[in-house]
Amino acid sequence: MRAFTYERAGSPAAAAAAVATQPGAKFIAGGTNLLDLMKLEIEVPTHLVDVNRLGLDLIETTPDGGLKIGALVRNTDLAADMRVRSDYPLLARAVLSGASGQLRNKATTGGNLLQRTRCPYFYNTDMPCNKRKPGSGCAAMGGLSHNLAIVGASDACIATHPSDMAVALRALDATVETVAADGSERHTPLADFYRSPGETPHIETVLRAAEMITSVTLPQPLGGVQIYRKVRERASFAFATVSVAMVAGSVDGDIRVDRLAFGGLAHKPWRVEAAEGAARSAEAIADIVLAGAKPTADNAYKLPLVRRTLAAVIAQAKSESAR
Amino acid sequence: MTIAQDSPARSETSAAACSVTFSVNGRTSSLVLDPRVTLLDVLREHLHLTGTKKGCDQGQCGACTVMVNGRRINSCLTLALMHEGDEITTIEGLGSPEALHPLQKAFLDHDGFQCGYCTPGQIISAVAVLEEIGAGVPSHVTADLNGAPPATDEEIRERMSGNLCRCSAYPNIIAAIRDMVEDHV
Amino acid sequence: MIGEGINRTDGPLKVTGGATYTADRQDAGAPLYGVIRGAGIGKGRITFIDTRAAEVAPGVQVVWTYRNAPAQAPARDYADLNDAHPQLVGDRVDHYGAPVAFVVANSFEEARAAAGLVEIGYDVASGAYELDQGVQPGAWHNVSAFGDVDKAMAEGPVTVEADYSTPYHFAQPMEPNACLASWHDGHLTVYLAAQMISQLIEGLAATLKLDQKHITVDSAFVGGGFGSKIALHAEAVLASLATMALHRPVKVLLTRRQIFTIVGHRAASHSRIRLAATPDGRLTAIGHDATVQTFRGGDWTEGVATVSRALYAAPNRLTRHARSELDLGTAEPVRGPGELPGLMVFESAIDELAEKLDMDPVELRLRNDTAVDPERKIPLSGRRLADCLREGAKRFGWDNRPAVPGSRRDGRWLIGYGVASSIRGHFQSAAEVSVRLLPEGRVVVTSDMTDLGTGTYTIVAQVAAAALGVPVSQVTVELASTDHPSSMGSGGSWGAANTSVATDRACQSLRDQIAAVAGTGYNDLFAELRRHFPRGLEATGKTLESRDDPNYRRYSQFTYGASFAEVGVDADTGEVRLRRMLGVFSAGRILNAKTARSQLIGGMTWGVSAALHEGSYPDPRHGNWPKGDLAEYLLPVHADIPDIEAIMLDDFDEHANHLGVKGIGELGAGGTGGSVANAVYNATGVRVRDFPITIANLLPGLAARG
Ligand SMILES: Cc1cc2nc3c(=O)[nH]c(=O)nc-3n(C[C@H](O)[C@H](O)[C@H](O)COP(=O)(O)OP(=O)(O)OC[C@H]3O[C@@H](n4cnc5c(N)ncnc54)[C@H](O)[C@@H]3O)c2cc1C
Ligand code: SF4
Ligand code: FES
Ligand code: FES
């Protein structure tokens, strides 16, 4: 970990201004991802702006019946909030499936969205990695890639986004609110938040330099059956191999998949709106979701896994909605 | 082929020391620290409270678990400077060999450890887990998100999963916590 | 008293944070901090080093590379624990992560940052990283041959021939390898996370070219070892060199990621197993060819193919090992060396045979039981495999096993049962223990034996208390300092037997000496002591190495077990979860029922982990370990491990030693992985022969079955 200076910001705009004026500055929230990466010198900020005590840890009901989640709301508090539990169970479930109790106590809503890939070559500074060191190449291709992307990747990078929470937020049509150094605010639908890796996998979101996330807003509750199914190699405390976030409604005794997003498949929560809405078989839905998939030999098993998991989740939704 | 390792030419400037005040196990400490010092390292290397262990330094094992303002966290992934005014509880604050906390006694009776290295983290975590269940915080295995989570073995196992034990005292740890549930919840 | 499941005597310290492991020690005063920088390539030469930025970085005391590291004795034989293990010697990089630079600074933060500032350039050579790359055709090691396996296989009538693979395993105890070294007045004190300190001190003395009498190694508390703290590694050598150069204590902790590269691993293996049997299930041939990785210049052969040698009778037998010399770190013993991977695959193959014979897998094992070592042709002492299998089957409810694979379901879960046998050689090594009687009424036992969580502190107190007729609370046990009498430490599951037998002998000698002057009828040991030996009395007890002990020539010595597992396999995703597990073990007399059970449960969990979770392969191009931390290299967590039952048969093996004691540290791990794998087969009808049984490995078969 390289030396840095540290300050506690006084307000969100001041935090953004502090990051804007100091080259190499970064926000620190829970620190659970950033500090790990700093110890390995994957992140090398020269100045840290602590945004923990800015009053951004509230969950408020919005005028139109949605929910505004402060960027500093801890994962534990988000999942424990009664409104989230009853109206957005998908989100509560996704958050609770992530990391460990200790980490969720610290991890924040904003930090979770911005956590970086767990690609094992990204984590190893001896290896070429376009995301960590633009232009150096991608060691994961031709290497061990069992848990990397099968859709949406580019020739430069096949990393996945590790967040569970983001998958649920994407399915729920969340919007990300930010503030810039000059105090100006922006609302970005999560759908537009993550950038495709393309030739620049190191640029992961549409956030501009020194732009700070202040909150994430959910529209009105969707109702329906909400399921978050995380498939993983151990029963807990493991990143998703594949995860499925689904909101389903029942029509004439059958199930209609209204919202569907996947984790573990791509550089971002993978949602293909075209697969939603109409009454389709699991196979037909998977065909749409996986169109253009380019797995490696190591992770080709994710193709049948997605199909089978999706079918299982649809079956579960059916039985839950029958109840 | 000759390649240079991934470390760009650079030099290091001195880290400007910052001060911080927090309390550990009820005792206030004011320290001037290199900003890079984690809460774990300040406890161990500066305050010599070595009961809290470094197992991975990456949030992956739970050996460093402490309570900050009543919530358990991994002390390895937080900077000491971020804890101005906080109240920190470590294993040393829970009990002593002469006056064991009931959970420490339960770990002893059920042999909830072998090498003992993960044990402080397990015990702190377990104390917090029982409080979390008591406070109605749900978990991944909670069937009814709108109800109060039950203190079942399944719930406890899920919630304790951030604490690895390579000696694999897991069944005995659960037995120790189960004792506490029966006595206290 | 012996056998009673008393609480650990060191337990109160361990549950309160008072047990001071190496990095916790404050004895030496404020230390400097050393950080190792590992090689960024798998094989090649260092062509460029620039340490200038690191040297002038704040707080830095020294920056060493091979160009300026202190002189050390040259290495002759890496495998020899007692020989020199010099660090930072030469420009050659022989495996990924090998130490190439070392920085000592005033603080840990400064040292870590400066280590990153060292610039190193390499000339990269292409390395051999895949198991089949380094094999010398036809060169077999550790071979045991009887009869003609080829012929028996041709004759059949029932045969199994199958290829299995197991990955690299990393011991990964929760305490990282660590060393705190302090040079003071010409004496080097080395606090070290270590298992066998009498060997380490020799290696360290040789490396440093220092007389052993100027060194003390102290490992009072060790946070698990599992093999990874047997060999002398870089942290001990570099911390020692640094304190000798700087005259300040120096603390070096390996990072978790470095434990994957600087410490060794269990070699990966490829096995071809051949079995032939009569239609009524009598084995006529056992063949096991195993290929295992070795380190260039190293000598450790993971004895994967040895596990069947005393397990079942069969007239034709051929078990042997090919070694693949690769450019990876050292293959070292990891808990259950040979038998953990070996039994997992061999007992899977036995399950395949049972399937072919249409015979109950427990019955097949019983049918091939033997009272005589099938290869050494001498009696197997304490052979109770059949008792373990029968008792286990009864307690587990084996009768209720799904008769047809893939036929039982509980909601989304496919349910299966599996069984496997365990066997583990019982060894004895030379050990010495001293017991002192102090006039004020205390018994002090000293030995350089370690307690890795194995319960040594407790069982030694129990043995001494029993032998002397005093309460355990009157016994002080001091372990793990080279100032104490020497043993072979912890490794090979021999520690408990060696130390307890030697302790008992020392106590008997004390009693004899007191009886010699006080007569045999005395009733107050300490009163007699004070009367006849006012300054106290000391005696030592010893054990011999196996090869010097006639018991080991006349009897073939093993411990036994049987494990039974029930798993659920998610019918859609192929996620496997253990539902329950039972092991029954026969391992001689148990010294402490509580700590022994814990060790067995721990071992069994290792088996579960090997079957389902852990394992790693190097990158085939770079030789690094992509699964290089505890988020990638998965160990079981609480949620993976249900209640596990470990039953110890009431046992006493008079041919092992006069206390009837054998070892248990590794036995639990033995066949457990096989029972889990066999349960997965029973649940799904899919046989996965490449371990661990991950989603990726299981799903294709599951999908093929629909
Ligand atoms: C062992 C381990 C296992 C894990 N398992 C899972 C898992 O299974 N599922 C899962 O989803 N996650 C998992 N995580 C990741 C965890 O959820 C994230 O580390 C956490 O959510 C990050 O939040 P934070 O507040 O700590 O972020 P920080 O580490 O503080 O910040 C992360 C990044 O976001 C930036 N940032 C933070 N806040 C803001 C803001 N308000 N505005 C702009 N930028 C900001 C920081 O500059 C930094 O670049 C795991 C982590 C670990 C260590
Ligand atoms: S997949 Fe992306 S993150 Fe991984 S090595 Fe390639 S470029 Fe880096
Ligand atoms: S040391 Fe903090 S989680 Fe491992
Ligand atoms: S007791 Fe050794 S790691 Fe848990």
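Looking only at residues in the range C:99-114 that are in contact (Cβ under 8 Å) with a residue 60 or more places away in the chain and either facing chain B (nearest Cβ under 10 Å) or open to solvent by 10 Å² or more (accessible area, probe 1.4 Å) (or both), the one that is nearest to C:S324 (Cα to Cα) is C:P99.
The set of residues from the range C:670-702 being among the small types (G, A, S) and modelled with pLDDT of 95 or more comprises C:G673, C:G674, C:S675, C:A677, C:A679, C:A683, C:G685, C:A696, C:G701. Whether any residue in the range B:85-99 is more than 9 Å from chain C (Cβ to nearest Cβ), open to solvent by less than 10 Å² (accessible area, probe 1.4 Å) and either within 30 Å of A:D87 (Cα to Cα) or within 16 Å of ligand 3 (Cβ to nearest atom) (or both) is what I want to check. Yes: the range B:85-99 contains one or more residues that are more than 9 Å from chain C (Cβ to nearest Cβ), open to solvent by less than 10 Å² (accessible area, probe 1.4 Å) and either within 30 Å of A:D87 (Cα to Cα) or within 16 Å of ligand 3 (Cβ to nearest atom) (or both). Looking across B:Q60, B:Q122, one residue alone is within 16 Å of ligand 4 (Cβ to nearest atom) and closer than 21 Å to C:L253 by Cα. It is B:Q60.
Scanning the range A:178-216 for residues that are buried (at least 19 other Cβ atoms within 10 Å of the Cβ), closer than 20 Å to A:G30 by Cβ and of a type outside the set (F, W, Y) yields A:T178, A:V179, A:L190, A:E204, A:L207, A:A210, A:E211, A:M212, A:I213, A:T214, A:S215, A:V216. Among the numbered conditions (1) open to solvent by 40 Å² or more (accessible area, probe 1.4 Å); (2) in a loop (DSSP other than H, G, I, E, B); (3) touching a strand residue (DSSP E or B) at 6+ places or on another chain (Cβ under 8 Å), the only one that C:K542 does not meet is (2). Summed over the range A:230-260, residues that are of a type in the set (G, A, S) and either within 15 Å of A:I150 (Cβ to Cβ) or within 16 Å of ligand 2 (Cβ to nearest atom) (or both) total 2. Only a single criterion out of (1) near ligand 1 (Cβ under 10 Å from one of its atoms); (2) touching a strand residue (DSSP E or B) at 6+ places or on another chain (Cβ under 7 Å); (3) closer than 27 Å to A:R8 by Cα is not satisfied by A:A99, namely (2). Only one of the listed residues (A:A278, A:A286, A:A300) is free of Cβ contacts under 8 Å to residues at least 60 places away in the same chain and either within 11 Å of another protein chain (Cβ to nearest Cβ) or surrounded by fewer than 17 Cβ atoms within 10 Å (Cβ to Cβ) (or both). That residue is A:A278. Scanning the range A:104-141 for residues being more than 12 Å from chain C (Cβ to nearest Cβ), more than 8 Å from ligand 2 (Cβ to nearest atom), surrounded by 23 or more Cβ atoms within 10 Å (Cβ to Cβ) and more than 16 Å from the chain's Cα centre (by Cα) gives a total of 2. Only one of the numbered conditions (1) surrounded by fewer than 24 Cβ atoms within 10 Å (Cβ to Cβ); (2) touching a Cys at 6+ places or on another chain (Cβ under 9 Å) is violated by C:K14, and that is (1). The lone criterion from (1) in contact with a helix residue (DSSP H, G or I) (Cβ under 8 Å, 6 or more places away or on another chain); (2) of a type in the set (S, T, Y); (3) at the interface with another protein chain (Cβ under 9 Å from one of its Cβ atoms) left unmet by C:S675 is number (3).
Residues of the range A:48-84 that are of a type in the set (G, A, S) and in a helix (DSSP H, G or I): A:A79, A:A80.
Rundown of residues vs (1) open to solvent by less than 10 Å² (accessible area, probe 1.4 Å); (2) without any contact (Cβ under 8 Å) to a residue 40 or more places away in the chain, yes/no style:
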{"site": "B:H101", "(1), (2)": "no, yes"}
{"site": "B:Y117", "(1), (2)": "yes, no"}
{"site": "B:V127", "(1), (2)": "no, no"}
{"site": "B:E131", "(1), (2)": "no, no"}
{"site": "B:S139", "(1), (2)": "yes, yes"}
{"site": "B:N146", "(1), (2)": "no, yes"}
{"site": "B:A151", "(1), (2)": "no, yes"}
{"site": "B:C167", "(1), (2)": "yes, no"}
{"site": "B:V181", "(1), (2)": "no, no"}
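Listed conditions (1) away from ligand 4 (no atom under 16 Å from the Cβ); (2) open to solvent by 10 Å² or more (accessible area, probe 1.4 Å) are all met by B:I73, apart from (2).
Within the range C:400-427, residues that are open to solvent by 10 Å² or more (accessible area, probe 1.4 Å) have Cβ atoms under 8 Å from residues that are assigned to a strand (DSSP E or B) and among the acidic types (D, E) in these pairs: C:R412/C:D570; C:W413/C:D570; C:L414/C:D570; C:Y417/C:E566, counting only partners at least 6 apart in sequence or on another chain. Is there a residue being without any contact (Cβ under 8 Å) to a residue 24 or more places away in the chain and aromatic (F, W, Y) anywhere in the range A:111-125? Yes: one or more hits. Looking at the range A:142-166, which of the residues that are within 11 Å of chain C (Cβ to nearest Cβ) and open to solvent by 20 Å² or more (accessible area, probe 1.4 Å) is farthest from ligand 4 (Cβ to nearest atom)? The qualifying residue farthest from ligand 4 (Cβ to nearest atom) is A:G142.
So, C:L634, is that one in a loop (DSSP other than H, G, I, E, B) and over 20 Å from the mean Cα position of the chain (by Cα) or not? Taking the combined requirement at face value, the residue does not satisfy it. Here B:Q60 passes the criteria (1) within 7 Å of chain C (Cβ to nearest Cβ); (2) open to solvent by 10 Å² or more (accessible area, probe 1.4 Å) except the one numbered (2).
The values are calculated or read from the model by the stated rules, or taken from the named source; none is laboratory data. All values reported here derive from a predicted model rather than from experimental measurement. Because the Cβ atoms are built from the backbone with ideal geometry, glycine has one as well, and the counts that use them run over all protein chains shown. Heavy atoms of the whole protein, side chains included, go into the accessibility calculation; ligands, DNA and RNA do not. Shrake-Rupley method; radii C 1.70, N 1.55, O 1.52, S 1.80 Å.
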